[in-house]
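Everything on this sheet refers to the single structure shown next.
The values are calculated or read from the model by the stated rules, or taken from the named source; none is laboratory data. Computed from a prediction, not measured in an experiment: that's the story for all the values here. Positions of Cβ are backbone-derived with ideal geometry, glycine not excepted, and every protein chain shown enters the neighbour counts. Areas reflect the complete protein model, heavy atoms only, side chains present, ligands, DNA and RNA absent. Shrake-Rupley method; radii C 1.70, N 1.55, O 1.52, S 1.80 Å.
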Amino acid sequence: MLASCSGGKVQYRIGVSQCSEDIWRVKQNSELRMGAYLQGNVELRFAAAYDSDERQVQQIDSLVATGIDLLIVAPNQVQTISPAIDRAYDQGVPVIVFERKTNSQKYTAFISADNYEMGRVMGEHIASQLHGRGRVLEVMGLKGSSPAIERHKGFADAISHYPNIEVVATLQGDWTEQSAYDAVRNCQDDLSNVDFVFGQNDRMAMGARQALLTAHRSPLSTKFCGIDGLPGRDGGIQLVRDSLLDATYIYPTHGDQILDLAIAILDGQSYQKETLLKSALVTRENANVLLMQNDEIMRQSDYLDQLHDRADNYLQQLDTQRVVNWMAIGVIVLLLLTIVLFYRYYIGKVTLHRERVVNSLWNLEVPENISAQESDTTVNEEQQEGASVEKETPEETEEEKPAMASVFITRFREVVEARLEESEVSIEDLASDMNLSRVQLYRKVKALTDSTPIELLRTARLNRAYQLLITSDLSVSEIAYKVGFTSPSYFTKCFKDEYGKVPGEVRAV
């Protein structure tokens, strides 16, 4: 089985190869996850071999192939798993071996409880309970696993100091309750008068107990002890409190400490290559206190989990709010940018339009393609003011004729501007100011601008009105009179004919 957990931005990917999956390893995996949660940058990838050497070898190779930064492994057996661990180590992957050793030195660190000491302490406890005399049965864990070997050695060394204690049998189990049950039921030795059973873990102790109960069908005087000492329902500590086991020994999981060791290795910090975890014997005298302590720890843990969940929810909401805020800011910035660009474009268009409107009359130029006849007409009509002028004025060249026409237009602008506010001004008045007859003025203006003097006068008045509308606070009526219109209504009509809108609409813009 493969599983993974991660949170936050991943910095390290750590593979965890468990030899089996049971209540002890479930607790340890939970502690590993909690450690990863506190680190915040670790991804854990779990694999459980279910006591299969072949499966664990495949899983270790697979974890390494995924690109893990470090391997945490509990070997199923001493010899068979070593080659896979060696391959990982040789590829530069740091390896933490926990709980169970291999016969190879290719590992970065080892962390475990002292299995030899556990076996020795349980042997001393049994000898003490039997007062140095009695019959004892041992049920070992998985054959070839280092905890089974070391616990047996510690137990045997302790019992060897008590010649009146007989070990009637050493049976082989595989850490499961069923294996101990089967081993006891199939034992050919006489187990009817066994005083004490040492199961190398609590589950096997309970399996042996059930087998003896089934065989003898009567209450037993036999006592049972094991190792693991897990808290919680049906854990070893509760079994001791309820007198189903005489004693157990706490086999510390400390997944959080294992993860701290892993991070120290990956961060290049100092660490101990060999770490033995502290543990303790559990008897009826301290079982209830330990359970109470565990209940309090679990209560606090549940409370912390709730806080973590709330913190996670808050952070998720905060992240969501950040995204929403940034999106809102982006929309606002985009909107402001659009408004600014539109405003600049609009103001530019309005300004350009205003400039064109205001200056249109005064930007009149003599067309480049004006005909010689038109120039001659303009020049000759100016000379017809008197015979003396005609005689005295030398004949102009072709290059001088357009220049004279431009001078005429400039002079006409000045005359119109000077009389723009006079409502009674006539074409005769303008012609007189230009020292021309009415007919001469009409012909010259028409020839040069293709408009009549009256049309240009009205256009000039409307242009000046437009300018006043956008640059002054004068009313429409005041502006109408100021530019020479005698009737505001007629001014409004002419203005709309010229610009397509009434004066009020121009001022609103």
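Among the helices (runs of 4 or more DSSP H) lying completely within the stretch 154-244, list those that include at least 1 residues that are closer than 16 Å to Ile126 by Cα.
Ranges flagged: 202-216, 236-241.
Across the stretch 201-234, what is the number of residues that are open to solvent by 10 Å² or more (accessible area, probe 1.4 Å), hydrophobic (A, V, I, L, M, F, W, C) and more than 19 Å from Gln28 (Cβ to Cβ)?
So the count comes out to 4.
Gln11 - would you say it is open to solvent by less than 10 Å² (accessible area, probe 1.4 Å) and modelled with pLDDT under 95?
Values: open to solvent by less than 10 Å² (accessible area, probe 1.4 Å): no; modelled with pLDDT under 95: yes.
No, not satisfied.
Could you give me the residue pairs with C-beta distances under 7 Å whose first residue belongs to the stretch 475-503 and is under 10 Å from Leu462 (Cα atoms), whose second residue is in a loop (DSSP other than H, G, I, E, B) and not β-branched (Val, Ile, Thr) wherever it lies, and which are 6+ apart or on separate chains?
Here the result reads Val483/Leu420; Val483/Glu421; Gly484/Leu420; Gly484/Glu421; Gly484/Glu422; Gly484/Ser423; Phe485/Ser423; Phe491/Phe485, each pair linking the stretch 475-503 to a residue that is in a loop (DSSP other than H, G, I, E, B) and not β-branched (Val, Ile, Thr).
Please pick out the residue among Val42, Val57, Val93, Val73 that is among the aliphatic types (A, V, I, L, M) and either over 36 Å from the mean Cα position of the chain (by Cα) or over 28 Å from Gln269 (Cβ atoms) (or both). Explain how you work it out, then say what you get.
Numbers: Val42 fails: either over 36 Å from the mean Cα position of the chain (by Cα) or over 28 Å from Gln269 (Cβ atoms) (or both); Val93 fails: either over 36 Å from the mean Cα position of the chain (by Cα) or over 28 Å from Gln269 (Cβ atoms) (or both); Val73 fails: either over 36 Å from the mean Cα position of the chain (by Cα) or over 28 Å from Gln269 (Cβ atoms) (or both).
The conditions single out Val57.
So Val415 ticks every box in (1) over 22 Å from Phe485 (Cα atoms); (2) part of a helix (DSSP H, G or I) but one. Which box is left unticked?
Here Val415 meets the rest and fails (1).
Which of the residues belonging to the stretch 140-196 are among the basic types (Lys, Arg) and open to solvent by less than 30 Å² (accessible area, probe 1.4 Å)? Lay out the reasoning, then the answer.
If we filter the stretch 140-196 for residues that are among the basic types (Lys, Arg), which is where we start, we get 143, 151, 153, 185.
Across the stretch 140-196, the qualifying residue is only Arg151.
Which of the numbered conditions does Val97 fail, given that it passes all the others? Conditions: (1) open to solvent by less than 50 Å² (accessible area, probe 1.4 Å); (2) over 20 Å from Gly141 (Cβ atoms).
(2)
Taking the condition of being part of a helix (DSSP H, G or I) and closer than 16 Å to Arg100 by Cβ, how many residues in the stretch 17-28 meet it? Before the answer, list the steps.
Narrowing the stretch 17-28 to residues part of a helix (DSSP H, G or I): 23-28.
Imposing the further condition that a residue be closer than 16 Å to Arg100 by Cβ reduces the set to 24-25, 28.
Count: 3.
Out of the helices (runs of 4 or more DSSP H) lying entirely within the stretch 427-509, which hold 1 or more residues that are open to solvent by 50 Å² or more (accessible area, probe 1.4 Å) and under 18 Å from Glu414 (Cα atoms)?
Details: elements: 427-433, 438-449, 453-471, 476-482, 488-499, 503-508.
So the answer is 427-433, 438-449, 453-471, 476-482.
May I ask you to list the residues in the stretch 247-271 that are without any contact (Cβ under 8 Å) to a residue 12 or more places away in the chain and either hydroxyl-bearing (Ser, Thr, Tyr) or part of a helix (DSSP H, G or I) (or both)? Steps first, please.
Residues of the stretch 247-271 that are without any contact (Cβ under 8 Å) to a residue 12 or more places away in the chain, as a first pass: 264, 267-270.
Within the stretch 247-271, Ala264, Ser270 qualify.
Enumerate the pairs (first residue in the stretch 235-246 and more than 18 Å from Lys27 (Cβ to Cβ); second residue anywhere and open to solvent by less than 60 Å² (accessible area, probe 1.4 Å) and assigned to a loop (DSSP other than H, G, I, E, B)) with beta-carbon separation below 7 Å, excluding pairs fewer than 6 apart on the same chain, so at least 6 apart or on different chains.
Matching pairs, first to second residue: Leu245/Gly226.
Test each condition in (1) open to solvent by 60 Å² or more (accessible area, probe 1.4 Å); (2) touching a strand residue (DSSP E or B) at 6+ places or on another chain (Cβ under 9 Å); (3) in contact (Cβ under 8 Å) with a residue 40 or more places away in the chain for Gln79 and report the one that comes out false.
Checking Gln79 against (1) open to solvent by 60 Å² or more (accessible area, probe 1.4 Å); (2) touching a strand residue (DSSP E or B) at 6+ places or on another chain (Cβ under 9 Å); (3) in contact (Cβ under 8 Å) with a residue 40 or more places away in the chain, the one that fails is (2).
Can you go through Val439, Val415, Val389 and tell me which one is of a type in the set (Val, Ile, Thr), at pLDDT below 85 and either under 30 Å from Leu468 (Cα atoms) or out of contact with any His (no Cβ under 7 Å at 6 or more places or on another chain) (or both)? Let's see the steps before the verdict.
On the way: Val439 fails: at pLDDT below 85; Val415 fails: at pLDDT below 85.
Checking each option against the conditions leaves just Val389.
Could you please give the count of residues in the stretch 102-126 that are within 21 Å of Tyr251 (Cβ to Cβ) and open to solvent by less than 20 Å² (accessible area, probe 1.4 Å)? Walk me through it before giving the result.
Within the stretch 102-126, the first condition is being within 21 Å of Tyr251 (Cβ to Cβ), and the residues that meet it are 102, 107, 109-126.
Now drop any that are not open to solvent by less than 20 Å² (accessible area, probe 1.4 Å), which leaves 109-113, 115, 118-119, 122-123, 126.
Total meeting the criteria: 11.
Restricting to the stretch 123-147, name every residue that is without any contact (Cβ under 8 Å) to a residue 60 or more places away in the chain, closer than 19 Å to Leu281 by Cα and not small (Gly, Ala, Ser).
Glu124, His131, Pro147
Hey, among the residues in the stretch 277-313 that are of a type in the set (Ser, Thr, Tyr) and over 30 Å from the mean Cα position of the chain (by Cα), which one's least open to solvent (accessible area, probe 1.4 Å)? Let's see the steps before the verdict.
So the first thing to find is which residues in the stretch 277-313 are of a type in the set (Ser, Thr, Tyr), and the list is 279, 283, 301, 303.
Add one more test, that the residue is over 30 Å from the mean Cα position of the chain (by Cα), and what stays is 279, 283.
On the way: Ser279: 44, Thr283: 25 Å².
Among those residues, the one meeting the criterion is Thr283.
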